[in-house]
Amino acid sequence: MWLNASCLLEFHSSVPTPFLLMLRPRSGWHQWIAREEYILSPSVPAVEFTDSFGNLCQRLVAPAGHFSVSTSVDIETAEASDSAPGAPFIEVQHLPDEVLPFLYPSRYCESDRFTEMAASVSTARAAGYDQCHAIVDYIRDSIRYTPGLGQQIISASEVNQLGHGVCRDMAHLGIACCRALSIPARMVVGYLETLEPMDLHAWFEAYVGNRWYTFDPTRSDLNGGRIAIAFGRDAADVAIYTQFGNPVELLNMNVQVQRIRCSHATMP
C-alpha cells in the first residue's frame, strides 16, 4: 500500500543554533520512497551524511528567531509487519558482523541487568522469535502505555520499576531483555499508520531466523503500515532532532499519516 507521511517542526531560538536532524527515511527491502519533500524555512545551508547505523542525517545552523522543518514522503510499505513464530535463535558466533553492536548493553538498555528476568519471562519458549514474543507479552501486561506523557527519556530499568511509559520506554525494555538472551535488538523510530493519537512512534526489531523482525509492545498486533526513519541501539541514537548550545523552544510538532492512491511506479 501507499502512505503519505509528513512532519512539521517549528522552533524559536534567541541565537543561531547548530542542529542535527534525522527526518529522512531511506528506501530498502521493507519500504520504497517515490516522492519526498524537505523544506527548511528560512532556507539555510545543510549538509547530509550517513551515520554508522545507515541513517540519513542533516547538519545545519538554524538562525535566531522562528525556524521550521517540513517533511513529506510518499512511500510504499506493507499493510502489516511480518511475524515468524518459531524462527530460530542464531548463535552469536554465526551472527553477521553488522548486527553485533546490537548485542551490547547501551545507555538506555542495560541488558546486563536483565539476564534473570528475561530468562524467567521466556521460560519454556523456543529460543528465538518465541522468546521475543514472550518478552513483548510481559511488557504489554506489566507496563501501562501512557502516550504523550514521556518528555524525559528513561532507561529499561527505570520503566520496569515505574510500571508505565511511552512507546520509546517500552521499546527500551524489550531491547534490553532480548539482548540479555543474546538476541540482537535495535530501536526503530518512524511512522505508524494506525497510531492514535498520531505522533512519531518507536518500536524495536530483533534479529532471529537470519533477519530483523518487528516487535511493538504498545500494540496488540502488527497491523498498520510502518515507515522506518532511523535505527539505533536506543533513543540516544535515533533522536529526530538534536540542538546544541542555548535552549531552543519547540513551538509546534505536527505529524500526519494517511493512505493514498499513488501512480508512481512500484519497486520491481
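For the structure I just gave you, tell me whether D97 is modelled with pLDDT of 95 or more, under 23 Å from R168 (Cβ atoms) and charged (D, E, K, R). So D97 fails the test. Considering only residues of segment 76-107 that are among the aliphatic types (A, V, I, L, M) and in contact with a Ser or Thr (Cβ under 8 Å, 6 or more places away or on another chain), which is nearest to A176 (Cα to Cα)? It comes out as L103. For segment 43-70, the tally of residues that are over 15 Å from L250 (Cα atoms) and either touching a helix residue (DSSP H, G or I) at 6+ places or on another chain (Cβ under 9 Å) or in a loop (DSSP other than H, G, I, E, B) (or both) stands at 8.
In segment 181-221, of all residues being more than 30 Å from Q93 (Cα to Cα) and of a type in the set (S, T, Y), the one that is nearest to the chain's Cα centre (by Cα) corresponds to Y191. Within segment 6-16, is even one residue under 20 Å from T242 (Cα atoms), touching a strand residue (DSSP E or B) at 6+ places or on another chain (Cβ under 6 Å) and of a type in the set (A, V, I, L, M)? Within segment 6-16, one or more residues are under 20 Å from T242 (Cα atoms), touching a strand residue (DSSP E or B) at 6+ places or on another chain (Cβ under 6 Å) and of a type in the set (A, V, I, L, M). Surrounded by 13 or more Cβ atoms within 10 Å (Cβ to Cβ) and over 21 Å from the mean Cα position of the chain (by Cα) - does that describe any residue in segment 70-83? Looking through segment 70-83, none of the residues is surrounded by 13 or more Cβ atoms within 10 Å (Cβ to Cβ) and over 21 Å from the mean Cα position of the chain (by Cα). Residue pairs whose Cβ atoms lie under 9 Å apart, sitting 6 or more positions apart in sequence or on different chains, and linking a residue in segment 33-54 that is under 20 Å from F11 (Cα atoms) to a partner that is of a type in the set (K, R) and surrounded by 14 or more Cβ atoms within 10 Å (Cβ to Cβ), are Y38/R24. Is there a residue being in the same structural domain as A185 (by TED's automatic domain parsing), crowded, with 17+ Cβ neighbours inside 10 Å, of a type outside the set (S, T, N, Q) and free of Cβ contacts under 8 Å to residues at least 24 places away in the same chain anywhere in segment 113-125? No, because not a single residue in segment 113-125 is in the same structural domain as A185 (by TED's automatic domain parsing), crowded, with 17+ Cβ neighbours inside 10 Å, of a type outside the set (S, T, N, Q) and free of Cβ contacts under 8 Å to residues at least 24 places away in the same chain. Just one of the numbered conditions (1) under 25 Å from P101 (Cα atoms); (2) in contact with a His (Cβ under 8 Å, 6 or more places away or on another chain) is not true of V248: (1).
The values are calculated or read from the model by the stated rules, or taken from the named source; none is laboratory data. If you're wondering where the values come from, they're calculated on a predicted model, not measured in any experiment. Positions of Cβ are backbone-derived with ideal geometry, glycine not excepted, and every protein chain shown enters the neighbour counts.
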